[in-house]
Amino acid sequence: SIILGIESSCDDTSAAIIRGNEILSNIAANQEIHNLYGGVVPELASRAHQQNIIPVVQQSLTKANIQQNDIDAVGFTRGPGLLGSLLVGTSFAKSLAMSLNVPLIEVNHLQAHILAHFIADANPVPPKFPFLCLTVSGGHTMIVLVKDYFDMQIIGKTTDDAAGEAFDKIGKIFGLDYPAGPIIDRMAKEGDPTSFEFSKPKMQNYDYSFSGIKTSVLYFIQKEIRKNPEFISENIHGLCASVQKSIVDILMQKLIKAATELNITEVAIAGGVSANSALRQAMQETGQKLGWNIYIPKFEYTTDNAAMIAMVAKLKFERGEFADLSTSAAARYDLVSDFEEGKVN
Ligand code: ATP
Ligand code: FE
């Protein structure tokens, strides 16, 4: 099958073509405009999606070297995300599926981050069920027990900020551009991760909290700046390395606890923050030490992309799970609401 995937949940307009499990093209238009505002401005995002969507889809076809009429189905991100952004992709996907007279397939963005692991070139071998997937992105942080493609259970999650949000907000305190995650990652490479110590949360079960570290960084910076106005610029590399280490330590600690207690050795990471080099390294080291088989998706399948949407659409296509044209964008859309209602913690 040849399937077009469309992603427009936040600030990236993306389109991808998948044939079988193989990605033929994965095109994204990033909206640089938000960098100026220190965060995504929803109104500007939806307008940019509207401008980008047709060229991006066109380019995905050209790059894959296929015609519109070769498409067997259209998959799109139904949610979760910014409503105005989702509406653009949803409306476009509906119109295209209708005009080509092919099935329309709705995709949950978070399932897609996780199922990106099954794209042919995401991993040397795909994970085996059941596996644990630390799903870390700009809006979500959770440990998911993946029992089958569409049988997932959230066993722990953040009670406040997401890990990506923590990177971005702390980066803002340091005066870095949005999104700060990748910038902190880059700066940290030249810094000592033991330069500064920030408080770690004491959370129950497999849950996370990231608002504490953000506040602790803020107070620390305010105090130091009063003594030395140049404190940030003089210490930026050490600050970035220390913050990154704290966040990665917090993430890994609960993941190790879950894997050990559930006796699972298939362990994956997914979502935008899984692009982080310190997290990837911690996964390698921990995997080695504890005998895990680890799954770290190829870089381009970590942050928002349409390849992962096309992957889920392909799995649903095989199952004949099609949407009807009355489907609508869903800003809130639970990872597990599709299937085992009531089995979620
Ligand atoms: P969600 O998937 O929860 O709806 P989202 O789609 O906005 O949220 P993603 O695109 O999956 O999130 O991830 C974006 C987040 O990943 C941002 O917070 C960004 O700072 C962070 N991020 C990206 N690359 C890195 C990196 N190398 N190190 C740390 N964080 C990173
Ligand atoms: Fe995402």
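The label point for Ser199 and the one for Ser277, both projected 7 Å from the Cα toward the Cβ, are 3.2 nm apart.
The listed peptides 254-261, 239-246, ordered by packing as a protection proxy, come out as 239-246, 254-261 (highest mean of other Cβ atoms within 10 Å first).
Using only alpha carbons, build the gyration tensor for the range 90-130 and give me the equivalent ellipsoid semi-axes, biggest first, whole Å. It would help to have the intermediate numbers written out before the result.
Details: eigenvalues 165, 26, 14 Å².
Gyration-tensor ellipsoid for the range 90-130: 29, 11, 8 Å.
Which loop trypsin sites (Lys or Arg not before Pro) in the range 284-328, with loop taken from DSSP, have no more than 10 other Cβ atoms within 10 angstrom of their Cβ? Passing both the DSSP loop test and the Cβ count: no residue. Just want to confirm a number: the relative contact order over the range 194-330, from Cα pairs under 8 angstrom separated by 6+ residues, in percent. Computed value for the range 194-330: 20 percent relative contact order. Based on every Cα atom in the range 86-201, Rg and the maximum pairwise Cα distance Dmax equal 18.7, 60 Å.
Counting beta carbons within 10 Å around each of Thr135, Thr327, Thr303 and listing the fewest first gives the order Thr327, Thr303, Thr135. With everything on Cα atoms, drop me the angle between helix 277-290 and the longest principal axis of the chain, reported from 0 to 90° to the nearest 10. The answer is roughly 90 degrees.
Residue farthest toward the positive end of the dipole of the chain, with Cβ of Lys/Arg at +1 and Asp/Glu at -1: which of Thr260, Val74, Leu134? Going by the charge dipole, the pick is Thr260. A dipole drawn for the chain from +1 and -1 charges on Cβ atoms has a positive end, and of Asn235, Gly164, Asn101 the residue lying farthest that way is Asn235. Listed by Cβ neighbour count within 10 Å, with the fewest neighbours leading, Val136, Val40, Val57, Val312 appear as Val40, Val57, Val312, Val136.
If you take all other residues with their beta carbon under 10 Å from the beta carbon of Val41, and give Lys and Arg +1 and Asp and Glu -1, the sum is -1. Placing pseudo-labels 7 Å out from each Cα toward the beta carbon at Leu218 and Arg47 gives an inter-label distance of 3.0 nm. The C-alpha radius of gyration of the range 252-322, expressed as a fraction of 2.2 N^0.38 Å, stands at 1.31.
Taking 0.36 nm per residue of sequence separation and removing the Cα-Cα distance, the Asp121/Lys298 pair yields an extension gain of 63.0 nm. The range 99-132 and the range 185-264 have their alpha-carbon centroids 31 Å apart.
The reciprocal of the average 1/r between distinct C-alpha atoms defines the Kirkwood hydrodynamic radius, which for the range 1-120 equals 14.3 Å. For the range 115-215, DSSP calls about 90 percent of its internal beta bridges antiparallel. The charge dipole of the chain, taken about the Cα centre with unit charges on the Cβ atoms of Lys, Arg (+1) and Asp, Glu (-1), comes to about 460 debye, rounded to the nearest 20. Give me the net charge of Asn293's neighbourhood, meaning all other residues with Cβ under 14 Å from the Cβ of Asn293; Lys, Arg count +1, Asp, Glu -1. Combined, the nearby Lys, Arg, Asp and Glu give +1. Extent of the chain along its three principal axes (Cα atoms, max minus min coordinate, largest first): 66, 46, 35 Å.
Charging the Cβ of each Asp and Glu at -1 and of each Lys and Arg at +1, and nothing else, the dipole of the range 190-345 about its Cα centre rounds to 380 debye.
By other beta-carbon atoms within 10 Å, ranking Ile33, Ile23 with the fewest at the front produces Ile33, Ile23. Each residue of the range 193-203 is assigned a 3J(HN,Hα), and the resulting list reads x, 9, 4, 9, 10, 10, 5, 9, x, 10, 10 Hz, derived from the Karplus form 6.51 cos²θ - 1.76 cosθ + 1.60 (θ = phi - 60°), x at Gly and Pro. Shape summary: the range 54-118 maps onto an equivalent ellipsoid whose semi-axes, from the alpha-carbon gyration tensor, are 20, 15, 12 Å in decreasing order. Full extension of the chain segment joining Arg319 with Asp148 gains 60.2 nm, where the gain is 0.36 nm per residue of separation less the Cα-Cα distance.
A short reminder: the numbers here are calculations on the coordinates, not readings from a lab. Computed from a predicted model, the values in this text were never measured in an experiment. Positions of Cβ are generated from backbone atoms using ideal geometry, with glycine treated the same way; all protein chains shown enter the neighbour counts.
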